[in-house]
Amino acid sequence: MNSENKDKSGIQNIKVKILLAEDSLFQAEILKHTFISKGYEVVVVKNGVEGLAAAREWRPTLIVSDIFMPVMDGFQFLRNIKRDGDLKSIPFVFYSTVYTGDKDRELAYALGAKAFFTKLEKPDELCQKIKAILEGATTEEGAAQRKLIEKEEEFLAGYSKVVRSKLEEKVKQLEKEITLRKRAEELVRERGEWVRAISESANDAIICIDDTGTVNFWNKKAEEMFGYSTNETIDKPLCPLIIPDRYRKGHTEGLKAFSRTGTGPVVGKPIELSSLRKDGTEFPIELSISAMKVKEKWHAIGIIRDITNRKRSEERISIQLQRLSALRYIDKVITSTLDRNVSLDMFLEKALAQLQVDAGDVLLFDQQTQELEYIAARGFRKFIYQHQRIRIGEGIVGRIAAERRIRHIRNLSEIKEEWIRKELITDELFTAYCGIPLVAKGQLKGVFEVFHHAPLSDDPEWMNFLETIAGQAAIAIDNITLFEHTKRASHSYSQRSSPP
């Protein structure tokens, strides 16, 4: 035996050959490399049939086998080894996770197994025990003295008992797994119903698309918001449904990047933009997009809020702020000068801009003649009524002064008979008109008129603003008139009191 060498532990193992029967590739690789690291030669087979063939050809020093294997399991493999006169002396060790009970051990030893280990043990510990077996030791006291099964009937009886017991365990395990799986499916179904109920009761539209831009979820609020039913959108591309033309190129490019990475410039941050309804109308929305990965593909979830009312409120607030600023400006202008023409011209400039009308004029009321006289105008192509006077009660503007009542006319062409200034319709082509009396301290001071080439707003806030600036104009006219009267009175007094 001089040709034999010793490993690190002192065991003569240069010719120790281990036949490993294991159908699990993972377990087989671990054990194979562990045995090789100890200096053993290893051949791996996947079942008992392959193991018998390898044992007869290779003549291993030791057989390590799993029990639960296809084609021929470990018990049948051991039974055939021990019935073969040339192989029965080879030590046979079981290494199992499925068959680990007392009956399994009893059958294994009764069939001639040298040892019975579980896979719960570490590979290095298994090597230590194999080393002890190779040195001639047994792993359990009295194992070698147990009566071996010789008759086929005894083997079949013992084998059937073990297999039946194991099948019963498996059936119980499967029943438990089925119960758990059913419960898991119920939970998934319940959660799905909860998610759907929540999404259906949400006040925002919820839309989900896959990485190709195809719709796969469309909640009830989305139906209401966009006008499409769920059946009209599922499995359809989202882009032509709700995305305006000017956004479609950006959407297509962004979707390509999103399908690869699940990220994009609009993912994870709310943005405001416009969307399309089924009838083709656009409306403002706030969009929040999040990403989720399903079956290795990115999906986008969009939560969409119709912000039409919010935008209207913002616009209304902005207009109100502009009007307040305009009122302060007008107040400053009419108090900064006592020149009637300059004051009213600056008033008209600011008033027409804030009212968003095309033209306007101011007519002053002459208390003595009971007539209205044009004093300032803006926005007309040609103003042919300078110095023209209109009697109180004459025409529309005369009646506004007489009745001290606002007159709002949507279509001037419908009242041609009572409209005495025909050129404003035929030449200036005005469509709409609104006239308001200028009253200060209970006294009529004149009339403020506005003209527009399109229908005028009938918004109450617009009318309130018109009344407010008309009130400012009336106060300005009253102050200027008072100043002019005072100035004339002072001049007259000076003339009378001066010596001849």
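Throughout, read-outs are computed from the coordinates displayed, never taken from laboratory work. These numbers were taken from a predicted model, which means no experiment stands behind them. Here the Cβ is made from the backbone with ideal geometry for all residues, glycine too, and neighbour counts use every protein chain on show.
Table for the structure above
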read-out: Neighbourhood net charge (11 Å Cβ-Cβ; Lys/Arg +1, Asp/Glu -1) for Leu456; value: -2
read-out: Peptide ranges 54-61, 448-455 listed from the most packed, as the mean C-beta count within 10 angstrom indicates; value: 448-455, 54-61
read-out: Cross-link table Lys32/Lys114; Lys32/Lys297; Lys32/Lys182; Lys46/Lys103, entries beyond 30 Å C-alpha to C-alpha; value: Lys32/Lys297; Lys32/Lys182
read-out: Low-density loop cleavage sites - GluC sites (Glu not before Pro) in the range 212-317, where at most 14 other Cβ are within 10 Å (DSSP); value: Glu296
read-out: Neighbour cut-off at most 14 other Cβ (10 Å), DSSP loop, trypsin sites (Lys or Arg not before Pro), the range 352-432; value: Arg381, Lys382, Arg404, Arg405, Arg410, Lys416, Lys422
read-out: Cross-link pairs beyond the 20 Å C-alpha cut-off, checked among Lys220/Lys293; Lys236/Lys311; Lys17/Lys129; Lys38/Lys122; Lys122/Lys176; value: Lys220/Lys293; Lys236/Lys311; Lys122/Lys176
read-out: Set of aspartates and glutamates near Lys278 by C-alpha distance (under 13 Å), chain-local residues within fewer than 8 positions excluded; value: Glu223, Glu224, Glu232
read-out: Exposure proxy ranking, count of Cβ atoms within 10 Å, fewest first, for Ser24, Ser336; value: Ser336, Ser24
read-out: Inter-label distance, nm, simple model (7 Å from Cα along the C-beta direction), Glu418/Ile271; value: 5.5 nm
read-out: Cα gyration tensor shape for the range 363-467, rounded if a/c is under 1.5, else prolate or oblate; value: oblate
read-out: Point-to-point label distance, Thr261-Ile30, nm (Cα→Cβ direction, 7 Å offset); value: 4.0 nm
read-out: Percentage of interatomic Cα-Cα distances in the range 202-306 larger than 16 Å; value: 54 percent
read-out: Cleavage-rule hits, trypsin sites (Lys or Arg not before Pro), the range 294-367, DSSP coil, Cβ neighbours within 10 Å at most 11; value: Lys295
read-out: The range 202-306: relative contact order in percent, alpha carbon pairs under 8 Å with at least 6 residues between; value: 30 percent
read-out: Gain in span if fully extended, Thr214 to Lys103, counting 0.36 nm per residue against the direct Cα distance; value: 34.0 nm
read-out: Rough spin-label spacing in nm, given labels placed 7 Å along Cα→Cβ, for Ser37 and Gln356; value: 8.1 nm
read-out: Cα point-scatterer Debye curve for the range 335-392, base-10 log of I(q)/I(0) at q = 0.16, 0.25, 0.26 Å⁻¹; value: -0.55, -1.06, -1.09
read-out: Normalised contact order of the range 245-381, rounded percent, pairs of Cα under 8 Å and 6 or more residues apart; value: 13 percent
